[in-house]
Amino acid sequence: MKKYVSLFIYLLILSGCTNPGGRSWMIPVTIDPSDLDYTPSSMESFEGRRQLLSDSLSSGYVILRSADQGSFNRHEFRPNNYFYYLTGYTARGSYAILGPEPQATFTLSMPPQSIRTLIYEGGELEEEELMEKYGPDRTLSYREIRALIDSIAKTDTVIYMDRSDRTFLADLQRMAGENGAARFRHIGELVDELRVIKEPMEVEFLQKACNITAKALTNVMKECRPDLYEFQIESVIEGTFLEYGSAMPGFNSIVGSGPNSTILHYEPNTRLMEDGDLLLMDIGAEYGYYTADITRTIPVNGKFSPEQRTIYQLVLDAQLAAIEQMKPGNMFMDGHMAAKEVIVKGLTELGLITDPASPWQIKFYILYPSSHYLGMDVHDVGEMGGSFSTFMEQTPQESQESRVLEPGMVLTIEPGLYFREKGLEQLHEIFGDEADSLEIAQFIKDVGPVYEKYMNIGVRIEDDILITTGGNINLSRYAPKEIEDIEQIMR
Ligand SMILES: [Mn+2]
């Protein structure tokens with residue numbers, strides 16, 4: 001029976017059903033950690049990835065380890081993304097080596113075991129089970145694989161490893177010694193392109209991560225009221241994640257109210273919320289090592305003020321225009337450009353921009369490119385066809401040099417507007433090189449009285465979009481974002 005339920009959900013995803021479930025906001029999320037089980041079909045996926053990799057690994061080795069520096073600031077242990085992507089194995093303190101053709105081999109090490117680890121962490125798989133489940137050509141003990149890595153590092157071969165794992169890089173360099181000629185290159189060169197196009201299994205994890213996150217957001221909408229602390233909202237969010245089997249957030253939850261809603265990466269979450277505040281939540285549950293990244297902005301007291309409503313609707317219109325552009329054949333930055341056009345027009349009509357052709361006036365409000373890839377990393381790996389600064393300088397009229405969208409990509413779209421209290425005062429400092437001070441002074445004089453009305457309003461609306469052959473599917477469609485829906489749930 002369960003098989004058919006998940007089949008049905010999958011068909012729903014494939015058919016691009018965007019009905020958010022009607023007025024009751026039924027979010028299809030179940031407590032079912034068995035969907036994380038490592039099965040023969042997931043084993044095929046991991047095998048397929050290693051096969052693709054070995055095709056491009058002409059000579060040289062891939063050496064990865066399951067734990068990295070970055071894991072230490074997580075709430076719970078999780079394996080290194082590259083290690084997991086290629087092995088499916090999640091034990092702490094394990095190594096994988098992929099050797100070059102013709103005798104391409106996949107070596108996996110048993111994690112170090114002692115009576116102490118048995119007592120504190122429990123036992124790991126026996127060698128036989130490891131072989132059967134993860135399909136390495138051979139397994140080695142921790143000591144044996146360290147010795148093998150040491151001997152490979154001392155040759156003059158190319159070694160692909162995760163260069164963001166600084167500790168392991170230093171470790172390898174030390175093994176190579178002063179005369180070592182081994183060249184350490186980033187594994188991303190071989191793997192990032194594979195990670196850009198998501199397989200059905202990856203999409204299912206992302207969909208579930210999004211559904212759990214949507215559930216958390218609607219729970220907040222029901223619980224939110226003035227005189228709660230931001231961390232109490234954070235506890236509703238992360239409590240919901242845990243409730244549905246998400247071990248931890250994919251990144252630190254941003255829960256900013258009032259003035260904090262204007263701080264892009266606000267994280268302390270310690271303020272007492274007041275009547276009349278907006279609350280901005282940029283959050284993501286992680287499921288099966290894939291993370292959602294959804295932002296919703298709501299009125300703390302359940303009803304948008306006229307000023308909040310104006311800015312909110314403008315950002316929402318921009319976001320909807322952007323999502324329409326997210327289809328195969330269009331460019332990675334087309335969504336951002338569409339959002340930018342709507343926002344610049346809206347701000348001009350409101351009297352917040354005096355010259356819609358002025359690059360610095362636009363950059364004063366539009367602070368970042370609105371899209372990034374999403375996957376195992378919240379800012380997932382992969383070539384976007386341009387850099388932050390080139391994307392920021394482009395105008396909608398200019399030819400866009402970002403990358404063509406393809407089915408299977410998952411990217412976010414997150415336009416926002418932030419009226420920092422001291423925003424206008426900072427103009428000379430930010431744009432002193434681009435605009436002359438008389439021009440800036442005139443802008444402050446013209447815009448100041450309007451800007452004041454919107455002070456401390458920060459609005460960001462972020463969805464996670466899967467590009468399909470026919471267009472796109474909004475994976476975060478179950479998180480309400482229309483004004484009337486939010487106000488109805490908060491009533
Ligand atoms: Mn994001």
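Would you confirm, using the coordinates I've provided, whether ARG420 is over 22 Å from VAL344 (Cα atoms) and surrounded by fewer than 21 Cβ atoms within 10 Å (Cβ to Cβ)?
Numbers: over 22 Å from VAL344 (Cα atoms): no; surrounded by fewer than 21 Cβ atoms within 10 Å (Cβ to Cβ): yes.
Considered against the rule, which asks whether it is over 22 Å from VAL344 (Cα atoms) and surrounded by fewer than 21 Cβ atoms within 10 Å (Cβ to Cβ), ARG420 comes out as no.
Return yes or no: is ILE473 more than 16 Å from the ligand (Cβ to nearest atom), under 33 Å from the mean Cα position of the chain (by Cα) and of a type in the set (A, V, I, L, M)? Quick ask: steps written out before the conclusion?
Values: more than 16 Å from the ligand (Cβ to nearest atom): yes; under 33 Å from the mean Cα position of the chain (by Cα): yes; of a type in the set (A, V, I, L, M): yes.
Spelling it out, ILE473 is indeed more than 16 Å from the ligand (Cβ to nearest atom), under 33 Å from the mean Cα position of the chain (by Cα) and of a type in the set (A, V, I, L, M).
When only residues in the stretch 252-284 that are among the aliphatic types (A, V, I, L, M) and more than 14 Å from the ligand (Cβ to nearest atom) count, which is modelled with the lowest pLDDT?
Restricting to residues being among the aliphatic types (A, V, I, L, M) and more than 14 Å from the ligand (Cβ to nearest atom), the top hit is ILE263.
Looking at the stretch 32-49, I want the residues that are closer than 17 Å to TYR289 by Cα and in the same structural domain as THR105 (by TED's automatic domain parsing) and have a partner that is modelled with pLDDT under 85 and assigned to a loop (DSSP other than H, G, I, E, B) with Cβ atoms under 7 Å, at least 6 apart or on another chain. Which pairs are those?
Close Cβ pairs (under 7 Å, with a partner that is modelled with pLDDT under 85 and assigned to a loop (DSSP other than H, G, I, E, B)) do not exist here.
Can you name every one of the strands (runs of 3 or more DSSP E) wholly within the stretch 228-332 that holds 2 or more residues which are β-branched (Val, Ile, Thr)?
254-257, 294-299
When you go through (1) closer than 30 Å to GLU204 by Cα; (2) within 16 Å of the ligand (Cβ to nearest atom); (3) outside any helix (DSSP H, G or I) one by one for ALA339, which number turns out not to apply?
Status for ALA339: all satisfied but (3).
Are there any pairs, at least 6 apart or on different chains, whose C-beta atoms fall under 7 Å, with the first in the stretch 239-266 and within 18 Å of CYS210 (Cβ to Cβ) and the second part of a helix (DSSP H, G or I) and among the acidic types (Asp, Glu), and if so, which?
PRO249/GLU238; SER253/GLU234; SER253/GLU238
The values are calculated or read from the model by the stated rules, or taken from the named source; none is laboratory data. Fair warning: this is a prediction, and the values are worked out from it, not measured in the lab. Here Cβ is always computed from backbone atoms with ideal geometry, including for glycine, and neighbour counts include all displayed protein chains.
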